[in-house]
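Student: Take this structure, written in structure tokens, and hold onto it; I'll ask about it next.
The values are calculated or read from the model by the stated rules, or taken from the named source; none is laboratory data. Note that the structure is predicted; figures quoted are calculated from it, not measured. Methodologically, a virtual Cβ is constructed for each residue, glycine included, from the backbone with ideal geometry; neighbour enumeration extends over all protein chains shown.
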Amino acid sequence: MLNIRYEKTTNPKPLPEKDNPLKFGTIFTDHMFAMNYEEGKGWFDPRVVPYQKISLEPSAMVFHYGQEMFEGLKAYKTDDGRTLLFRPNKNIERANRTNRRICIPEIDEEDFLQAIKAVVKMDEAWIPTKPGTSLYIRPFIIATDEFLGVRPSSTYLFMIILSPVGAYYPEGLNPVKIWIEDEYVRAVRGGIGEAKTGGNYVASLAAQMKAHEEGYSQVLWLDGVERKYIEEVGAMNIFFKINGTVVTPKLNGSILPGVTRDSVINLCKHWGLSVEERRISVDELLEAAKDGSLEEVWGTGTAAVISPVGHLRFEDTVLQIKDGGIGEISQKLYDTVTGIQLGRIEDPFGWTVEV
Ligand code: COI
């Protein structure tokens, strides 16, 4: 158990106005959690302190070789005033898997949860309550050794910052347009694709810019070896309903194991739908679109929640799904996932954790 030190801000910021659209990732609360690590000493000095700038030497290793990890989860305010986290333990387990992959020391799971709860409790008043909003929680760890050689750092800084957010995509629950990328790749098996680390996101930027220029919001990645099989969207995992069956790419070492992905698989199975986690080639997808068996497409992610996909483009082929509108399962999943997160409907899986 952490012995957390608290320092409250003496200069609180005004809470966002009720009509603020809470553009994703632009507003930060009054406090943050921080804790340091030194080899031989372990994690130490856990603290909830005013949100502030941090000072690092230009030689800090994180700036040079990208040894950093992050997570993303959300807190919600229920109608009766409770604060709920959605499956925080899944994020914490994944954080330690990322840590192992990129040689960052693990954090005790209970300590991690205690840290999240401590800072969320402190800034509970910042949890927005308008439909489609929540408090996004961003834990991250950076390597802080002042050194230019390539090796794991021996010192780290772990922080948690909080941001009241609306929808991740400006489209909200309206279907997004997705570009299937045929030039760049995001990750390969054995690499870091299944870890939540910045390198995967910087690898996606050039293709994302290209897609934006063509009027598409996100990039759907193909596997890095054969460039044939669907992987993920980068900010979300992807699902298809083909001939009544829910299909999603099987985790293969280069796909991020999303918490919302896992929740959607569980919910669909709970509803008696047939769910397949398997390889899906882009050819199969094009064929299914052509013969009318591709019924729905949606993405899942903490930030994106459930995001219907209305258009897919691969090379010169443009597929319009569901006449560009939201599908039945996507809508039901959105209503159910957000209903559970907000404590409005029964949580048959025990997914929510009270702060
Ligand atoms: C999340 O969904 O929490 C993510 O980390 C995706 C991020 C690119 C916003």
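Student: Just need a number here: residues in segment 82-117 that are closer than 17 Å to V48 by Cα and either within 14 Å of the ligand (Cβ to nearest atom) or surrounded by fewer than 20 Cβ atoms within 10 Å (Cβ to Cβ) (or both).
Tutor: 6
Student: Could we say that P50 is surrounded by fewer than 19 Cβ atoms within 10 Å (Cβ to Cβ) and more than 30 Å from E17 (Cβ to Cβ) here?
Tutor: no
Student: Scan segment 299-307 and tell me whether some residue there is polar (S, T, N, Q), away from the ligand (no atom under 16 Å from the Cβ) and either within 20 Å of the chain's Cα centre (by Cα) or more than 25 Å from E171 (Cβ to Cβ) (or both).
Tutor: Checked against the condition, which is being polar (S, T, N, Q), away from the ligand (no atom under 16 Å from the Cβ) and either within 20 Å of the chain's Cα centre (by Cα) or more than 25 Å from E171 (Cβ to Cβ) (or both), segment 299-307 yields no hits at all.
Student: In segment 300-321, what residues are without any contact (Cβ under 8 Å) to a residue 24 or more places away in the chain and either crowded, with 20+ Cβ neighbours inside 10 Å or part of a strand (DSSP E or B) (or both)?
Tutor: Correct list: V318, Q320.
Student: Is it fair to say E295 is assigned to a strand (DSSP E or B), modelled with pLDDT of 95 or more and either more than 17 Å from Y169 (Cα to Cα) or hydroxyl-bearing (S, T, Y) (or both)?
Tutor: no
Student: Restrict the check to segment 241-253 and report whether at least one residue is more than 24 Å from N200 (Cβ to Cβ), touching a residue at least 60 places away in the same chain (Cβ under 8 Å) and part of a strand (DSSP E or B).
Tutor: yes
Student: Mind listing just one residue for me: the one in segment 211-240 that is among the aliphatic types (A, V, I, L, M), within 13 Å of the ligand (Cβ to nearest atom) and part of a loop (DSSP other than H, G, I, E, B) and, of those, surrounded by the most Cβ atoms within 10 Å (Cβ to Cβ)?
Tutor: M236
Student: Report yes if V282 is out of contact with any strand residue (DSSP E or B) (no Cβ under 8 Å at 6 or more places or on another chain) and surrounded by 14 or more Cβ atoms within 10 Å (Cβ to Cβ), otherwise no.
Tutor: In short, no.
Student: Does Q67 count as away from the ligand (no atom under 16 Å from the Cβ), surrounded by 21 or more Cβ atoms within 10 Å (Cβ to Cβ) and touching a residue at least 24 places away in the same chain (Cβ under 8 Å)?
Tutor: Answer is yes for this residue.
Student: Quick check: is even one residue across segment 41-55 under 20 Å from the mean Cα position of the chain (by Cα), closer than 30 Å to E171 by Cβ and either assigned by the TED database to the domain that holds F147 or in a loop (DSSP other than H, G, I, E, B) (or both)?
Tutor: no
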